[in-house]
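The values are calculated or read from the model by the stated rules, or taken from the named source; none is laboratory data. Being a predicted model, the structure only gives us computed values, none of them experimental. Backbone-built Cβ (ideal geometry, glycine too); neighbour counts: all protein chains shown. Side chains are part of the model used for accessible areas, which takes the heavy atoms of the whole protein and leaves out ligands, DNA and RNA. Shrake-Rupley method; radii C 1.70, N 1.55, O 1.52, S 1.80 Å.
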Amino acid sequence: MGPPAYFSGDLLSAPRFPSAVRGPQQLSGTPPTVVSAQSSAQAPSMHSLLGRPAFSAPPGPPGQQPLHYSTQGGPPPPQTSPYGSQTWRANSGPMAPPSSIPGSALPPGMYGMQRPFPDQSMTSIPPAIGQAGAPVIGSSKIDPNQIPRPIPSSSIMMHETRSGDQANPPPPATSDYIVRDTGNCSPRYMRCTISQIPCTAELLTSSGMQLALLVQPLALPHPSEEPIQVVDFGDSGPVRCSRCKAYINPFMKFINQGRQFICNFCGLPDETPHDYHCNLGPDGRRRDADERPELCRGTVELVASKEFLVRDPMPAVYFFLIDVSMNAIQTGATAAACGAVSQVISDLPEGPRTFVGVATFDSTIHFYNLKRASQQPLMLIVPDVQDVYTPLQTDVIVQLSECRQHLELLLDSIPTMFQSNRTAESAFGAAIKAAFLAMKDTGGKLLVFQSVLPSMGIGALSAREAEGRANISAGEKEAQKLLQAADKTLKTMAIEFAEYQVCIDVFITTQTYIDIASISVLSQTTGGQVIIITHFQAVSDSAKLYNDLRWNVTRPQGFEAVMRVRCSQGIQVDDYHGNYCKRIPTDVDLPAIDCDKTMMVTLKHDDKLVDGSECAFQCALLYTTVYGQRRIRVTTLSLPCTNTLNNLFRAADLETQFTCFLKQAASKIPSTPLMQVREQVTNLCVSLLLSYRRFCSTVSSAGQLILPDALKLLPLYTLALIKSSGLRTGGRIDDRSFWVNYVSSVSTPLAIPLVYPRMVAISLDSEDEDGSIVPPVIPLSKEHVNEERIYLLENGQDCLIYIGNMVASDILQKLLGISLVDEIPTQFVLQQYDNPLSKKFNKLMNEIRRQRCSYLRTTLCKKGDPSGEMFESCLVEDQNPNGPAYVDFLVQVHKQIQLKMSST
């Protein structure tokens, strides 16, 4: 299954890729079934999504118990794609959510940044950057053409994970690529910061680089990639190492005519189960290796046997908790939430295992009996917000198929029921606790819509922002506390929720401070997500709320998950970073996990590795599909070991290295002064480049800044991080807290545009120049901005549309329906007008929203206005109050390297 398709107006754009419906599980139709072999005398065959045999099966030994294989595509594709041609009931008035466009899934991606070839070792900025012992030459003398910048690539790359029994370096995470799994997993599922592993801890330290994995086990595949195969080992369960419990994979070596196998993680020779035995060929491989996905693919999906079932798989439970306080009612947030929920109900998985519930809250909590035979569901009020309870639990959460009509009636009536509400208080914590009590026996997703600061009951919060601003003059330490949770109440609750497999997703539609630092703890601990729409306006923001909710409940996902990463001898997991709860050191508990969630796994040496050998990593994710099937997603990556520093720098993965820098910086923000975090980020960059200059560079001139070719954009991304909303001075406390929360689980393809946004010029010609939807990318500098043009700048979360002050009035009329730049409205709703230019612009917005899996909020910007200042602050290559210009930053980095070189 792919990301959502977004649309405004009546335009139906053609899909960029062939339509495909793939993912960990389908979200419509019947539950997926495992296709078994036709005869027990043969090993099973795997089938493609269209039913054609993907693997031929040789005869197995007599009496061999067959395994069962199927594609990981779920049920047959429905007649209409979940993001295809169905249309939605539109709300009356201007806040109707946009319809979907037909089309295929495109994984989140920024734009291609062509990686240099592995045999290239450096980029040099010539003597314009000062000579040793002499004043630094002015930055104006640096040739702008020599400054490293992202190079867009419009072509789609084909990537084989291994060839000739060697691992191939992955393509850039931000590029478009199609993967063929030939033994190693797709880099979408797991990437290492270095595609060669240093043999010793000392070598890693000398490089100045990070050694970590970025794991996204349910990531969206490209529509043209083969689906993940499902393997059923029957009652005996998956074949595993008896000592370290690693799962069978392509790098386990079979010996003694196939009667034993050697674990590639702990080295233990193990007995091959009798019903899994197969003779070896002349090359030492099993004769059936290419027909068994677990022996030839880096990623497989295993059917979990009884040993993995602590209880029956949980049903798919969706509980919607809606704020009906005075602020939520008056701003239209309650009506927008009810309208969004009402429309996404038809997207929920069909069948008897899907359950729903609804509650509302202000200073009290209101549950609704959805089982009543009468027309109007019964409201059940819980007035005690200190010692909460759930009334009539069995009637509060019911099968969707039994209550659909009552539920739609209730959601339509809630805004009217509370339209005269004058209660300003919010019992947010108490409402969540009460909803949890209703879900405790089953687990599930609790989706909360919140508009004001929680002010009473369990987990009540105070307006700390005003207190913090008053204390800033006394020192940064007091203000720093605002980025930490106010107390441990919500954290303690969240740990209990995780224990009972309840995931919290919070949709914040606020006008003022709401203390995201405290609220986000609920989502971080339970594997959930925080979505915030600041200064919510019903007219312009209801579509975003609807689309983001729809993607939240329909994206590929799983429940009650446990994840563990195993490493070969010599390397071990140091720590996990992301949205999870950890009860034991080796595993992370995830009440819910979806295709957008990424976990950073830091690694460390516990022994020396052998040069030329391979080091393996395996992520095992045990989870329940939305159809109640218990599965194990096994993702394996085997990389060569090296004792040469030059090889490490050639094998560095720029985007993954930087994403680790980003996540580490974000984790320090709540406890470390911003100035110190910025210095640490800069020092990481300098140390890495210093190591390359000191140990690998063949250039002796001190007047040259030498950059390893694979990491030549690291200074640019480091500068962009320093100027980002997370690290810049000033700004709203809640914005910084949200940034920290978002970064904790952000994927590599979305981490880069978060700090170095994509900017394109809107073509004012109605005809496409090269047939591509997204125009060429422009460097983030004023010198590339022409006041006679219109520019679009997006970072995966927000979209700024800059209107030059000399844009022709006829262009403004065609695109925006206005005649003058001064007429730009403060509330902007993108509309499609009946002209080719407007249709082309809407098509561009659709494509970007589809790539980002997010309904980007649009803001119009103009020069001399606060909106124009916001746009200019995103031009990170220019000097601004948050940091130096890119050229000047390169000079600073070079000077620091020179100082360190001269002091040794």
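Which pairs have Cβ atoms under 9 Å, sit 6 or more apart or on different chains, and link a residue in the range 863-884 that is among the hydroxyl-bearing types (Ser, Thr, Tyr) to one that is part of a loop (DSSP other than H, G, I, E, B)? What qualifies is Ser867/Ile824; Ser867/Thr826; Ser873/Lys723; Ser873/Ser725; Ser873/Arg728; Ser873/Pro881; Ser873/Asn882.
For the range 620-653, the tally of residues that are open to solvent by 10 Å² or more (accessible area, probe 1.4 Å) and of a type in the set (Phe, Trp, Tyr) stands at 1. Taking residues in the range 797-809 that are in contact (Cβ under 8 Å) with a residue 12 or more places away in the chain, and partners anywhere that are assigned to a strand (DSSP E or B) and polar (S, T, N, Q), the pairs with Cβ atoms closer than 9 Å and at least 6 places apart or on different chains are Asp798/Thr858; Asp798/Thr859; Cys799/Thr858; Cys799/Thr859; Leu800/Thr858; Leu800/Thr859; Ile801/Thr858; Ile801/Thr859.
Each row is one residue, and each column tells you yes or no for (1) in contact with a Lys or Arg (Cβ under 7 Å, 6 or more places away or on another chain); (2) at pLDDT 95 or above; (3) under 20 Å from Glu499 (Cα atoms).
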position: Ile584; (1), (2), (3): no, no, yes
position: Leu590; (1), (2), (3): no, yes, yes
position: Asp594; (1), (2), (3): yes, yes, yes
position: Thr598; (1), (2), (3): no, yes, no
position: His605; (1), (2), (3): no, yes, no
position: Lys608; (1), (2), (3): no, yes, no
position: Ala616; (1), (2), (3): no, yes, no
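Got at least one residue in the range 664-672 being assigned to a strand (DSSP E or B) and under 30 Å from Ser518 (Cβ atoms)? Scanning the range 664-672 turns up no residue that is assigned to a strand (DSSP E or B) and under 30 Å from Ser518 (Cβ atoms).
Which pairs do you get when a residue that is among the charged types (D, E, K, R), found in the range 209-232, comes within reach of a residue that is modelled with pLDDT under 95 and assigned to a strand (DSSP E or B), reach meaning Cβ atoms under 9 angstrom, with the pair 6+ apart or on two chains? Listed by first residue and then by second, the contacts come to Glu226/Thr71; Asp232/His68; Asp232/Tyr69; Asp232/Ser70.
Close Cβ contacts (under 6 Å, 6 or more residues apart or on different chains) running from residues in the range 552-574 that are farther than 14 Å from Ile593 by Cα and at pLDDT 95 or above to residues that are aromatic (Phe, Trp, Tyr) and buried (at least 18 other Cβ atoms within 10 Å of the Cβ) comprise Arg566/Phe265; Cys567/Phe617; Ser568/Phe265. With respect to Val686, is the statement that it is of a type in the set (Val, Ile, Thr) and in contact with a Phe, Trp or Tyr (Cβ under 7 Å, 6 or more places away or on another chain) true? Answer is no for this residue. Filtering the range 812-833 to residues that are modelled with pLDDT of 90 or more, open to solvent by 20 Å² or more (accessible area, probe 1.4 Å) and part of a helix (DSSP H, G or I) leaves Gln813, Lys814. Does Ile733 meet the test of being over 20 Å from Phe661 (Cβ atoms) and touching a Lys or Arg at 6+ places or on another chain (Cβ under 9 Å)? Here the answer is yes, as Ile733 does meet what is asked. Contact map, the range 583-598: residues that are under 14 Å from Ile504 (Cα atoms) paired with residues that are aromatic (Phe, Trp, Tyr) and outside any loop (DSSP other than H, G, I, E, B), Cβ distance under 8 Å, separation 6+ or inter-chain. Pairs shown: Leu590/Tyr623; Pro591/Phe497; Pro591/Phe559; Ala592/Phe559; Ile593/Tyr623. Annotation note: Cβ proximity below 6 Å between a residue of the range 184-199 that is closer than 13 Å to Val300 by Cβ and modelled with pLDDT of 95 or more and a residue that is open to solvent by 10 Å² or more (accessible area, probe 1.4 Å) and among the basic types (Lys, Arg) (sequence gap 6+ or interchain) occurs for Asn184/Arg162. I'd like the full set of residues that are in contact with a Leu (Cβ under 7 Å, 6 or more places away or on another chain), without any contact (Cβ under 8 Å) to a residue 40 or more places away in the chain and not small (Gly, Ala, Ser), limited to the range 233-258. Hits for the range 233-258 are Cys241, Arg243, Phe254, Gln257. Checking each residue in the range 655-670 for being open to solvent by 10 Å² or more (accessible area, probe 1.4 Å) and of a type outside the set (D, E, K, R) picks out Gln664, Ser667, Pro670. Scan the range 728-758 for residues that are within 20 Å of Leu800 (Cα to Cα) and aliphatic (A, V, I, L, M) and the total you get is 5.
Against the condition buried (at least 24 other Cβ atoms within 10 Å of the Cβ) and of a type outside the set (A, V, I, L, M, F, W, C), how does Gly357 come out, does it pass? So Gly357 fits the description; yes. Against the list (1) on the phi < 0 side of the Ramachandran plot; (2) open to solvent by 30 Å² or more (accessible area, probe 1.4 Å); (3) at pLDDT 95 or above, the condition Asp283 fails is (3).
Each row is one residue, and each column tells you yes or no for (1) under 27 Å from Ala561 (Cα atoms); (2) not basic (Lys, Arg).
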{"site": "Met209", "(1), (2)": "no, yes"}
{"site": "Pro221", "(1), (2)": "yes, yes"}
{"site": "Asp235", "(1), (2)": "yes, yes"}
{"site": "Val239", "(1), (2)": "yes, yes"}
{"site": "Lys245", "(1), (2)": "yes, no"}
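Note on the range 478-597: enclosed helices (runs of 4 or more DSSP H) holding 1 or more residues that are crowded, with 20+ Cβ neighbours inside 10 Å and β-branched (Val, Ile, Thr) are 516-526, 538-554.
For first residues located in the range 621-643 and modelled with pLDDT under 95, partners that are open to solvent by 20 Å² or more (accessible area, probe 1.4 Å) and not β-branched (Val, Ile, Thr) and lie 6+ apart or on another chain with Cβ distances below 6 Å form the pairs Tyr627/Pro31; Gly628/Pro313; Gly628/Arg353.
Taken over the range 834-856, the criterion of being open to solvent by 30 Å² or more (accessible area, probe 1.4 Å) and either in a helix (DSSP H, G or I) or of a type in the set (A, V, I, L, M, F, W, C) (or both) is satisfied by Pro836, Lys839, Lys840, Lys843.
Residue pairs whose Cβ atoms lie under 8 Å apart, sitting 6 or more positions apart in sequence or on different chains, and linking a residue in the range 327-350 that is within 17 Å of Asp548 (Cα to Cα) and at pLDDT 95 or above to a partner that is of a type in the set (Val, Ile, Thr) and in a loop (DSSP other than H, G, I, E, B), are Thr334/Val324. You will find that of Lys608, Lys604, the residue that is over 23 Å from Gly298 (Cβ atoms), out of contact with any helix residue (DSSP H, G or I) (no Cβ under 6 Å at 6 or more places or on another chain), part of a strand (DSSP E or B) and open to solvent by 10 Å² or more (accessible area, probe 1.4 Å) is Lys604 and no other.
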